[in-house]
Amino acid sequence: MVRRPVPRVTVQRLPVYLRCLENLPAGQQRVSSDELAEMAGVLGAKIRKDLSYLGTHGTRGVGYEVEHLKHEIRIELGLTRDWAVVIVGIGNLGRALASYGGFGERRFQVVGLFDIDPVKVGTQIDGLAVESMEGLARAVAARKASIGIIATPAHAAQGVADALAAAGVRSILNFAPTVVKPPEGVDVRRVDLATELQVLTFYLAQSG
């Protein structure tokens, strides 16, 4: 049987489900869709539909086997192997990302830090030296980096995205406060904290 492609909206929820499963009490062997839904903040029917794309179906009255479900989600998210990541832009945000211990827990290994500022080049963050952008392409190839994180000012973000793509990076997480046009063959996801805050203020204004 050919498995249905997993919709993008479902993919975005799978990491939430995985985190909920990992937060269950140690030794809990099964979880119901309703229990998982309450933890994830969605409807039970949505949980069941999302997990059905993985070919995983709970047993009525019994639920899902926790370890098996975690394994299936990790496979779908590509978390059964390590992924090499480079960070470009080592200002306050870039330094914080470089020091973030949660990457390793999720099998993301930061293998390179890059900046154009000669004052920052050569400094150390958690054992990694900040390197010049001139060495980006060589480093990406040598360290097999497939993910790039942009933490630069807005005006530099597009050029960095293009440089990452030219170096062979195929997935980019953009923290710069601007929209980056995805280079051909590259998936770009944007994390804009100011935009998210503005969404929150919309709801605050509506409730006031």
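Derivation of every value follows stated rules applied to the coordinates shown; laboratory data play no part. Since this is a predicted model, take the numbers as computed values, not measurements. So basically every Cβ, Gly included, is an ideal-geometry build from the backbone, and we count neighbours across all protein chains shown.
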Nitroxide proxy distance, nm - points 7 Å out along Cα→Cβ at Leu43 and Gln12:
1.8 nm
For the chain, what relative contact order do you get, as a whole percent, if you take Cα pairs closer than 8 Å and at least 6 residues apart?
13 percent
Taking the number of other C-beta atoms within 10 Å as the exposure measure, put Phe114, Phe175, Phe202 in order starting with the fewest.
Phe202, Phe175, Phe114
Please rank Glu131, Glu196, fewest neighbouring Cβ atoms within 10 Å first, as an exposure proxy.
Glu196, Glu131
Electrostatic dipole magnitude of region 83-195 [Cβ: Lys, Arg +1; Asp, Glu -1; Cα centre; debye, to 20]:
280 debye
Note on region 83-195: alpha-carbon gyration tensor, axes a ≥ b ≥ c; rule is a/c under 1.5 for rounded, else prolate if a/b larger than b/c, else oblate; result rounded
What's the FRET efficiency of Arg189 with Glu65 using the Cβ-Cβ distance as r and R₀ = 30 Å, to the nearest 0.05?
0.45
Lysines whose Cα lies under 25 Å from that of Lys144, excluding same-chain neighbours fewer than 8 positions away:
Lys120, Lys181
Against the 2.2 N^0.38 Å scaling, with N counting residues, where does the chain land? I'd like the Cα-based Rg ratio to two decimal places.
1.19
Contour minus Cα-Cα distance for Glu22 and His155 (0.36 nm per residue)
44.0 nm
Overall dimensions of region 1-111 as given by Cα atoms, namely Rg and Dmax in Å:
16.2, 52
Magnitude of the charge dipole, region 8-77, Cβ model with Lys/Arg +1 and Asp/Glu -1, debye to 20
220 debye
Footprinting exposure proxy for Thr152, Thr56, Thr201 (fewest neighbouring C-beta atoms within 10 Å first)
Thr201, Thr56, Thr152
